[in-house]
1. Check the straight Cα-Cα distances from Lys85 and name the aspartates and glutamates below 13 Å, setting aside those fewer than 8 residues away within the same chain.
2. Show me 59-69, 125-135 ranked by packing, highest mean number of other Cβ atoms within 10 Å first.
3. Measuring with a 1.4 Å probe in the full set of protein chains, what accessible area per residue, in whole Å², belongs to the chain?
4. With runs of 4+ DSSP H residues as the only contributors, calculate the mean residue ellipticity of the chain at 222 nm using -39,500 (n - 2.57) per run, divided by the residue total and rounded to the nearest 500.
5. Considering only the other residues whose Cβ falls under 10 Å of the Cβ of Lys128, what net charge follows from Lys and Arg at +1 and Asp and Glu at -1?
6. Below 12 angstrom from the Cβ of Val83, what's the summed charge of the other residues (Lys, Arg +1; Asp, Glu -1)?
7. Evaluate the relative contact order of the range 2-131 (contact order divided by residue number), counting alpha-carbon pairs under 8 angstrom at least 6 apart; express in whole percent.
8. Rounded, prolate or oblate: which fits the range 52-135, taking a ≥ b ≥ c as square roots of the Cα gyration tensor eigenvalues, rounded meaning a/c under 1.5, else prolate when a/b beats b/c?
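The values are calculated or read from the model by the stated rules, or taken from the named source; none is laboratory data. Note that this is a predicted model, so its numbers are computed, not measured. Cβ placement follows ideal geometry from the backbone for every residue including glycine, while neighbour counts extend to all protein chains displayed. What goes into the accessible areas is simple: the full protein's heavy atoms, side chains included, and nothing from ligands, DNA or RNA. Shrake-Rupley method; radii C 1.70, N 1.55, O 1.52, S 1.80 Å.
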Amino acid sequence: MASSARRNPACPCGVGKTYETCCAVVHNDGAAFGVSAEALMRARYSGYVLEDRPFLLRSWHPDTRPKNITFSPNQEWLGLTIVDKHRGGPLDTEGTVEFIARFRHGTDYFELHELSTFERLDGQWVYKTGNDPAN
Ligand SMILES: [Zn+2]
């Protein structure tokens with residue numbers, strides 16, 4: 001994962017900073033989980049791009065955390081757009097982030113449109129659930 005970050009220093013989450021000054025801070029320092037639900041959402045997207053399984057599991061609420069995460073070898077992530085967010089700030093204990101993540105399998109293009117719920121647990125944001133915003 002570090003090698004792909006070196007090849008392309010722009011952070012995969014698309015916020016416009018280098019990976020080292022953006023999601024790497026959240027990936028490498030648990031204290032940074034406390035910043036905001038959106039920052040954790042971006043870091044989780046980058047975690048999928050870089051296939052950082054330990055970080056993705058660590059930032060998942062223990063009530064909903066899967067036993068493992070598998071990455072599809074044919075899936076290429078293309079970008080993240082934050083559509084909307086509610087709460088999830090320094091003084092909140094819950095927050096939601098609506099996003100669209102684009103990816104492709106070969107020549108087939110997809111969009112994952114999800115409303116994610118985050119909860120602050122012992123001072124740190126964790127990902128709890130994701131739902132289709134249309135439902
Ligand atoms: Zn980032």
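1. Glu38, Glu94, Glu98, Glu114
2. Values: 59-69: 12.5, 125-135: 15.1.
Answer by packing, highest mean first, reads 125-135, 59-69.
3. On the way: 7580 Å² over 135 residues.
Result: 56 Å² per residue.
4. Details: 4 runs with 31 residues, N = 135.
Mean residue ellipticity, 222 nm, calculated: -6000 deg cm²/dmol.
5. Values: positive: Arg65; negative: Asp63, Glu94, Glu119.
Taking every Cβ under 10 Å from that of Lys128, the sum is -2.
6. Working: positive: Lys85; negative: Glu38, Asp84, Glu98, Glu111, Glu114.
Overall, the nearby charge balance is -4.
7. 23
8. On the way: a/c = 2.37, a/b = 1.42, b/c = 1.67.
Oblate shape, in that a/c is at least 1.5 and b/c is the bigger or equal ratio.
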